[in-house]
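Heads up, the thing below is written out as structure tokens.
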Amino acid sequence: MKITNSGWSIKDPLGVLQGFARHVPEALGAHLVLAGPAAASVSDDPEGDQVLQQVRRAGAALPRAARDRVHLACLPMEDLEENAAMVNAIQRRADVIVQKSLAEGFGLTVAEAMWKARPVLASRVGGILDQLRHGTSGLLLEDPSDLVGFGRAVQALLTDRDRTQRMGEAAHRRVGQEYLAPCRLIQGLDLIDRVAG
């Protein structure tokens, strides 16, 4: 079982790492992949490298058994197609996608995971509230800093495979109905029609 989280600064990877290591039992056999862009390649994330270094230090300080279940993936950004292929591969292999953001507009990672029929565990912040339906297409964390609650939510998703599959399927349908370009165009035309009519 794999759990992935993407991004560095506003995505709270340190909280994901600590929540996973402390509150997701080793007996589940789960591994965490913290994936994000190579820190030096993102000019609009000045704290990214600092956060990545904090995550590396925290990972190195974990007990051996926990450390063996945590993997950092710094993805190159020079070739955007290559980067997209790597993100796609990581997400498709994941059992759960985590977007434990402290702040968020429209969560592209959330939409990508939903399209791939993966259950998403995300913070109840910003645009994510519009994307996920708690308990139907994913799970929303009330408090992104609640690491015990995070661990319980991860365990719930990893241990109830039927529910997880239903959530992933519902997430896929929601993206198809709400966020693909043709759907957005039709919604826009409907709005224009209502306003003009």
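The values are calculated or read from the model by the stated rules, or taken from the named source; none is laboratory data. What you see is a predicted model; the values in this text were computed from it and never measured. Backbone-built Cβ (ideal geometry, glycine too); neighbour counts: all protein chains shown.
Observations on the structure shown:
- Against the numbered list (1) without any contact (Cβ under 8 Å) to a residue 12 or more places away in the chain; (2) under 23 Å from V110 (Cα atoms), A27 comes up short only at (2).
- E142 being of a type in the set (D, E, K, R), touching a Phe, Trp or Tyr at 6+ places or on another chain (Cβ under 8 Å) and without any contact (Cβ under 8 Å) to a residue 40 or more places away in the chain: no
- Residue that is farther than 29 Å from R163 by Cβ, in contact (Cβ under 8 Å) with a residue 24 or more places away in the chain and assigned to a helix (DSSP H, G or I), where the choices are V55, V87: V55
- Restricting segment 1-14 to residues that are buried (at least 19 other Cβ atoms within 10 Å of the Cβ) and over 14 Å from L52 (Cβ atoms), the residue that is modelled with the highest pLDDT: I3
- Picking from residues in segment 156-181 that are aliphatic (A, V, I, L, M) and closer than 10 Å to R118 by Cα, the one that is farthest from the chain's Cα centre (by Cα) is A170.
- Count of segment 108-140 residues, restricted to those that are crowded, with 23+ Cβ neighbours inside 10 Å and farther than 16 Å from G168 by Cα, is 1.
- For segment 141-166, the set of residues classified as acidic (D, E) and either part of a helix (DSSP H, G or I) or surrounded by 23 or more Cβ atoms within 10 Å (Cβ to Cβ) (or both) consists of D162 only.
- Criterion (in a strand (DSSP E or B), crowded, with 22+ Cβ neighbours inside 10 Å, at pLDDT 70 or above and touching a strand residue (DSSP E or B) at 6+ places or on another chain (Cβ under 8 Å)) met by exactly one of L34, L17: L34
- Against the conditions (1) farther than 23 Å from V24 by Cα; (2) assigned to a loop (DSSP other than H, G, I, E, B); (3) of a type in the set (K, R), R174 satisfies every one except (2).
- Check on L80, surrounded by fewer than 18 Cβ atoms within 10 Å (Cβ to Cβ), out of contact with any Ser or Thr (no Cβ under 7 Å at 6 or more places or on another chain), at pLDDT below 95 and more than 23 Å from W115 (Cα to Cα): no
- So A60, is it part of a helix (DSSP H, G or I) and surrounded by 16 or more Cβ atoms within 10 Å (Cβ to Cβ): no
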